[in-house]
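Every number in this text was worked out from the coordinates using simple rules, so none of it is lab data. Since the model is a prediction, treat every value here as computed from it, not as a measurement. Here the Cβ positions follow ideal geometry from the backbone for every residue, glycine too, while neighbour counts run over all protein chains shown.
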Amino acid sequence: MDHDFATPPLRVEPVTLTGEHVRLEPLAESHLDELWPVASEASLWRWIPYPIRTRDDLRAYIGMAREGRAAGHMLPFITRLASTGQAIGSSRFGNIVPADYRAEIGWTWLGRPWWGTGANIETKYLLLENAFERCGLMRVEFKTDARNLRVRGALLGIGGTFEGIF
C-alpha cells in the first residue's frame, strides 16, 4: 500500500507575533538605539559566548542576525512590551534546517526588569506557535549553557524535554 506523505515546504518568514504581554517584530538595524539600554546590562551575557559590551558589539550582533536571515538559517526578532512598544530584548529562530523541518529557538535575552514577569514564557509560546502552526517545522530545539540552571528549569517548565549535555 503506497502512501503519499508529501510534506509542505517551510514558511519561515519575517512576521510580527503579538501576545498579551509581548510583541515580536523582525529585528532591524534601526533597533540598535532602543535595544542598547537593555543590552548594556553586563549580567545578561554571563552564559552567552558572544557578550555585548559595546554599541559596536550590539551592531555586529544585529548585523550577524540579519545576515543569517538573508542566508535563510536565522529569523531574528526584537521583543517589545505589547502595551507600550518598549524594547525589552531579543530572540530568534536559528540553525534552521529546511531538509529536516527543524530549527532552534534561542539567542534570547531580556532586560532584568522583565525576568520572572512571563515575558520570556510568552515569547517562547509565540515562537513555538509560529514554528508549528505557520512555518511547518516539525522539531524545535532549545540549547543553553549547562551551568545556566535558571534557564534550564524554565525550559522544563514550558514542557521542554531534556535530551542531554553537549
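Report the charge-dipole magnitude of the chain in Debye, nearest 20, computed about the Cα centre from +1 at each Lys and Arg Cβ and -1 at each Asp and Glu Cβ. Display every interim value, and only then the final one.
Working: 19 positive and 20 negative charges, 110 e Å.
Value, rounded to 20: 520 debye.
Want the number for D100 to A60: 0.36 nm per residue separation, take away the alpha-carbon distance, what's left?
That pair, D100 and A60, stretches by 11.5 nm at full extension.
Once amide H atoms are built 1.01 Å from N in the peptide plane, which residues 5 or more positions from T79, or in another chain, come under 5 Å H to H?
Under 5 Å from the amide H of T79: I88, G89, S90, S91.
Provide, for q = 0.19, 0.20 Å⁻¹, the log10 of I(q)/I(0) from a solvent-free Debye sum over equal Cα point scatterers in segment 34-139.
-1.02, -1.11
Specify the longest stretch of the chain that does not include any exposed loop site, a site being one of the GluC sites (Glu not before Pro) with a non-H, G, I, E, B DSSP assignment and at most 12 other Cβ atoms within 10 Å.
For GluC sites (Glu not before Pro) (loop position, at most 12 other Cβ atoms within 10 Å), the longest site-free span of the chain is 21-162.
Please name which of P37, I48, I96 has its Cα lying farthest along the dipole of segment 1-104 towards the positive end, using unit charges on Cβ (Lys, Arg +1; Asp, Glu -1) and the Cα centre as origin.
P37
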